[in-house]
Amino acid sequence: MKGIEGVGALVNFGNWLQNTSWALALATSDWVYPFVQATHFTGLSLWIGTSIAVDLSLLGVGNKRQPPSRLSDALFLWNWIGFAIAIAGGFLLFSVSAATYLINLAFLTKLGLLIPLALILHVVVQKKVRAWGQMPQIPAVAKLAGLAELLLWLSVATAAVSIPYVG
Ligand code: HEM
């Protein structure tokens, strides 16, 4: 019973959101929606690209003379700028059909499970990368964390592209 009430509250919130003035303007404009889509993808390219570069470096791919921590430091700002752009664009896309997305299994898996897991691992990797880089060899746990983060972001993207095909 509580579960059904929870779903009802989510759908009510979705209906409210998609009827806000900015969501209606987005939904009815010919060019704003594609622009917001492009914004989401631009942010994602920055976010995923810079995150995966560090993961691959932990896995020993690329310039081995450059420690992963140096790469992580150099990309840190662009990494989080990309994240902010992706989240802003994603939220605006979501607001257009919020009630439908909130009962879409692929969307719920992406937002409620995969993104939180990947994000937690990303922050752990960013915090630990310096200590791992100071060891004589990158430890197995660091490689595992890099591989897991990489696979989790790929799963997020897979869930995202499945949204239109899943009820
Ligand atoms: C930061 C991690 C994220 C990743 C890797 C990601 C990935 C993607 C990808 C690859 C697509 C393209 C799907 C397609 O057109 O085939 C997409 C679309 C979309 N994303 Fe994200 N996204 C992220 C965050 C978010 C967030 C936080 C939200 C909402 C608050 C969001 C909402 C959406 C929506 C509504 C679509 C359009 C789905 C559709 O109707 O096809 N995304 N995302």
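Every number here is computed from the coordinates shown, using simple stated rules; none is lab data. Nothing here was measured: the structure is a model prediction, and the numbers come from that model. Note that we place each Cβ from the backbone using ideal geometry, even for glycine, and neighbour counts take in every protein chain shown.
Any idea what the relative contact order of the chain is, in percent, if you count C-alpha pairs under 8 Å spaced at least 6 apart?
31 percent
Along the stretch 46-58, what does the Karplus equation 6.51 cos²θ - 1.76 cosθ + 1.60 (θ = phi - 60°) give for ³J(HN,Hα), rounded to whole Hz, x for Gly and Pro?
Those phi angles translate into 5, 5, 5, x, 6, 5, 5, 4, 5, 4, 5, 5, 5 Hz.
How much net charge surrounds Arg130 when only other residues with a Cβ under 11 Å from its Cβ are counted (Lys, Arg +1; Asp, Glu -1)?
Taking every Cβ under 11 Å from that of Arg130, the sum is +2.
Which residue, Thr42, Thr20, Thr100, tops the fluctuation ranking in a GNM of the chain built on C-alpha contacts under 10 Å?
Highest fluctuation among the options: Thr20.
Taking the convex hull of the alpha carbon atoms in the chain, what volume per residue do you get, in Å³?
Measuring per residue, one finds 125 Å³ for the Cα hull of the chain.
From the helices alone, meaning DSSP H stretches of at least four residues, give me the mean residue ellipticity at 222 nm for the chain, per-run term -39500 (n - 2.57), in deg cm²/dmol to the nearest 500.
-26500 deg cm²/dmol
Note down the net charge around Arg70, summing +1 for each Lys or Arg and -1 for each Asp or Glu among other residues with Cβ under 14 Å from its Cβ.
+2
Compute the acute angle (0 to 90°) between the alpha-carbon long axis of helix 68-96 and the principal axis of greatest extent of the alpha-carbon atoms of the chain; round to the nearest 10°.
The answer is roughly 10 degrees.
For a footprinting-style exposure proxy, rank Trp80, Trp153 by other Cβ within 10 Å, fewest first.
So the residues, fewest neighbours to most, are Trp80, Trp153.
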